[in-house]
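See structure below.
Rule-based calculations on the coordinates, nothing more; no lab input. Bear in mind that the values here come from a model prediction, so they are computed numbers and not experimental data. In this analysis, Cβ positions are derived from the backbone assuming ideal geometry, glycine residues included, and neighbour counts consider all displayed protein chains.
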Amino acid sequence: MTKRALVTGVTGQDGAYLSQLLLEKGYEVYGVVRRSSHFGVADHRLRWLGVDKDVRILDGNLSDLSSLIRNVEQAKPDEVYNLAAQSFVASSWQQPILTGNITGVGVTNVLEAVRIAAPGARFYQASSSEMYGKIQEAAQSETTPFYPRSPYAVAKLYGHWITVNYRESFGLHASSGILFNHESPLRGIEFVTRKVTDGVARIKRGLQSELRLGNIDAKRDWGHAKDYVRAMWLMLQQDVADDYVVATGLTTTVRDMCKIAFEHVGLSIDDHLVIDPAFFRPAEVDVLLGNPAKAKAKLGWEPLISLDQMIREMVDADLARIAG
């Protein structure tokens, strides 16, 4: 029988790549979309991947349990992927209550809807490496203590632990993926990787002369979203639910990531990069480095796309967007 999947945050980067993956595997895919003034153009990522006509869109909101119950009843899912969130760290200091309600408490609403309307469905929660924050170990694994450093990270930590709680309290097949930074041409312009690749493309096209960034010495473990959604799917194919770090196991500074982008178009970073204190975080996360040993051993997962390949792909996509 054809499997059914319900995906919140379906119009985001991960939701689009996950939908593409699930459709390729023969799933019926239902996506939850919140009503907004951008309705009708919010599916641009799905359109970019050519799957917008194949995803069945449902109207729902993580802050409205009744809508989520109806979504689950309509989709009758075998698998539920909760990818929706207020996901921009910088905005979480400006909108801490909204971030807590959606990114944190919203997870409980999705879990409740699953528990009430589809208790046999398998559930995936998108946890985040930001939960590690002020790192307690050089390489972060599933057993590393958390020390969140932003309202976003605190909210994600609530979502993570409430998923564990529902697994242990109600026997739900509920897994969390502690995903380290993952990017792609579909990443929003507000995120640093896309800000860099878009800025480099605009400088190359003569539309601007400088790229303004904050702490370029921060280190991140960057992978490609297309690799990471495969790990999500693998988690829900396991007999026993569990939590997994998904990362490359390599860390790179923002500075070196920028160099890849500039060098790809034949420009020098020193001629165009400007450090702007306005882009520094109130509480910085200096280093994130994931240990994906468990995901590799138990899921058989490996990242296939390198940071260099990903950044070059993103720059090329932004050059094409600007030319278009």
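Using a cutoff of 8 angstrom between alpha carbon atoms and counting only pairs six or more residues apart, the relative contact order for segment 159-279 works out to 34 percent. Computed on the chain, with alpha-carbon pairs under 8 angstrom and 6+ residues apart, the relative contact order is 17 percent.
Among Thr251, Thr143, Thr11, which one shows the biggest mean-square fluctuation in a GNM of the chain, springs joining Cα atoms closer than 10 Å? Greatest mean-square fluctuation among the candidates belongs to Thr143. Taking Cα atoms, how many degrees apart are the long axis of helix 106-117 and the longest axis of the chain, rounded to 10 and kept between 0 and 90? Rounded to the nearest ten degrees, it is 30. Restricting the calculation to Cα atoms, segment 111-229 shows an Rg/Rh of 1.08 when the hydrodynamic-style radius is the Kirkwood one. Here the translational diffusion coefficient of segment 48-164 follows from Stokes-Einstein with Rh set to the Kirkwood radius across Cα pairs; for 25 °C and 0.890 mPa s it amounts to 161 µm²/s. Applying both filters, DSSP loop and at most 16 other Cβ atoms within 10 Å, to the trypsin sites (Lys or Arg not before Pro) of segment 186-288 gives Arg205. Would you mind checking the tilt of helix 225-235 against the longest principal axis of the Cα atoms of the chain, expressed as 0 to 90 degrees and rounded to 10? It works out to around 20 degrees.
Which percent of the Cα-Cα distances in the chain go past 32 Å? Result: 25 percent of Cα pairs exceed 32 Å.
Counting only lysines at least 8 places from Lys76 when in the same chain, those with an alpha carbon closer than 23 Å to its own are Lys3, Lys25, Lys53. Listed by chain and number, the aspartates and glutamates whose C-alpha is less than 13 Å from the C-alpha of Lys294, apart from same-chain residues fewer than 8 away, are Glu142, Asp242, Asp243, Glu302. DSSP bridge analysis restricted to the chain gives an antiparallel fraction near 5%, rounded to the nearest 5. Helix 13-24 versus the longest principal axis of the chain: what angle, 0 to 90°, nearest 10, using Cα atoms? Helix 13-24 sits roughly 60 degrees off the main axis of the chain. How many angstrom lie between the Cα centre of segment 230-308 and the Cα centre of segment 109-152? Cα centroid of segment 230-308 versus Cα centroid of segment 109-152: 17 Å apart. Close amide-amide hydrogen proximity is noted between Leu179 and Ser127, Ser128, Ser129, Val246, each under 5 Å apart and 5 or more residues distant or on a separate chain (H modeled in the peptide plane; Pro and chain starts excluded).
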